[in-house]
Amino acid sequence: MARKTTRRDFFRGRSAAEAAADLAGRTGAAGPSSHPDEKSYLIHVTRRAMACQFELDLNAGQYPQGTTAAQNALKLVSQLEEQLSVFRPESEISRLNRTAADAPVQVEPRLFELLKISAEVSDETGGAFDVTSGPLWKAWGFARRQGAVPGEDAIAEALSRVGRELVELDADRHRVRFRKPGVELNLGSIGKGYALDRAAERMIEEGVGDFLLHGGQSSVLAHGRRLERSADRQAGWTVGLRDPVRPNTRLAEIRLVDQALATSGSARQYFRHEGRRYGHIVDPRSGRPAEGVYSATVVAPTAAVADALATAFCVMGADAALAHCSRRPELAVVLVCPGPQGSGVQIHQAGFEEGRLKLLP
């Protein structure tokens, strides 16, 4: 749906800035905190897909075709869900999971490209990101939202079916083959970001160059700029970052200039067993839930890469994540970690250009 906003009647009576900030309260990514009178009005278009709400903001009155382009872009997201979801038996990924251990399976070229990106991120992060880690997620009960500590045999069995090396990619023929039975792909940790990238492509193809895309509770993609009424005409779109431990507190503001942002963390999705806390992000290398990072927010050129690295950085830990960013000048990161002796939080950040990150008191 789409509608023109006013200062008093937008997104349940709040400004676009506050509406986006509300999204951040659920995920870590959000909109500007400046006063709405300094901003132009927005067109807000939404569509339910991939078990979340996708949202697209446009500068009102800037593009005559803007609303139609936004609706088409979000329709594409729904089409991608039909291809990528493991919860749809007839999706291309489900078909691949059923048959690729028996014989090579040819897949759609853009899906093959996504699998290549997934493999590259896995290699770059030493296996901290892995789209074959579904068996571990199931072993720990997170797939059913009924977390439970599995036995060592169950962890070992799941680990035997996890690993980027178990998926053979034939780039010449766009074919995929699993090297053993029981391997499965789940693109949940990169699929929403990929959908945002594809939606952004559609917007640009239709002649719209200024927009902000949200994908559910974790991903944002900004292109062009938010029109300003004030003299401050900075490029890009400003989004906010919430404290994962205190969700009613805003931690920082980040200005995105033709960039994407993704947040991953287990501050809210976890279970306790015998006094110990187990988060829902499982390390595909050890087979056990990752520890040491409450949330990782990554800024990257594409939403797919930001999505994947946000998960990987939660697994890698602060030191390795910061080192990775130091080798990749196109990346930036904010890590929220437990404070000394588990009290409070520590914030680590790297890679931001001057004026792009504002940490709030």
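The values are calculated or read from the model by the stated rules, or taken from the named source; none is laboratory data. Owing to the predicted nature of the structure, the values given are computational and were not obtained by experimental measurement. Cβ coordinates were reconstructed from backbone atoms using ideal geometry, including for glycine residues, and neighbour counts include every protein chain displayed.
Tallying residues that are of a type outside the set (A, V, I, L, M, F, W, C), in contact (Cβ under 8 Å) with a residue 40 or more places away in the chain and over 28 Å from Ala199 (Cα atoms) within segment 282-323 yields 8.
Counting the residues of segment 244-281 that are within 19 Å of the chain's Cα centre (by Cα), in a loop (DSSP other than H, G, I, E, B) and either under 22 Å from Ala300 (Cβ atoms) or of a type in the set (S, T, N, Q) (or both) gives 7. No other residue among Pro284, Pro301, Pro329 is under 18 Å from Asn186 (Cβ atoms) and within 21 Å of the chain's Cα centre (by Cα) apart from Pro284. Looking for whichever is out of contact with any strand residue (DSSP E or B) (no Cβ under 9 Å at 6 or more places or on another chain) and at pLDDT below 95 here; the options are Gly134, Gly141. Which one fits? So the residue among Gly134, Gly141 that is out of contact with any strand residue (DSSP E or B) (no Cβ under 9 Å at 6 or more places or on another chain) and at pLDDT below 95 is Gly134.
Answer yes or no: is there a residue in segment 170-180 that is over 24 Å from Ser219 (Cα atoms), assigned to a helix (DSSP H, G or I) and touching a residue at least 60 places away in the same chain (Cβ under 8 Å). Scanning segment 170-180 turns up no residue that is over 24 Å from Ser219 (Cα atoms), assigned to a helix (DSSP H, G or I) and touching a residue at least 60 places away in the same chain (Cβ under 8 Å). Just a yes or no: is a residue in segment 347-358 modelled with pLDDT of 95 or more and touching an Asp or Glu at 6+ places or on another chain (Cβ under 6 Å)? Yes, there is a match, as at least one residue in segment 347-358 is modelled with pLDDT of 95 or more and touching an Asp or Glu at 6+ places or on another chain (Cβ under 6 Å).
Just one residue in the set Gln53, Gln71, Gln62 is at pLDDT 95 or above and either touching a His at 6+ places or on another chain (Cβ under 6 Å) or in a helix (DSSP H, G or I) (or both); that residue is Gln71. For Tyr278, state whether it is surrounded by 18 or more Cβ atoms within 10 Å (Cβ to Cβ), among the hydroxyl-bearing types (Ser, Thr, Tyr) and at pLDDT 90 or above. It is false that Tyr278 is surrounded by 18 or more Cβ atoms within 10 Å (Cβ to Cβ), among the hydroxyl-bearing types (Ser, Thr, Tyr) and at pLDDT 90 or above.
Applying the criterion of being in contact with a strand residue (DSSP E or B) (Cβ under 8 Å, 6 or more places away or on another chain) and surrounded by fewer than 19 Cβ atoms within 10 Å (Cβ to Cβ) to the residues of segment 175-209, the residue that is nearest to Phe112 (Cα to Cα) is Arg175. Meeting the requirement of 3 or more residues that are under 24 Å from Arg164 (Cα atoms), the strands (runs of 3 or more DSSP E) wholly within segment 291-361 are 295-300.
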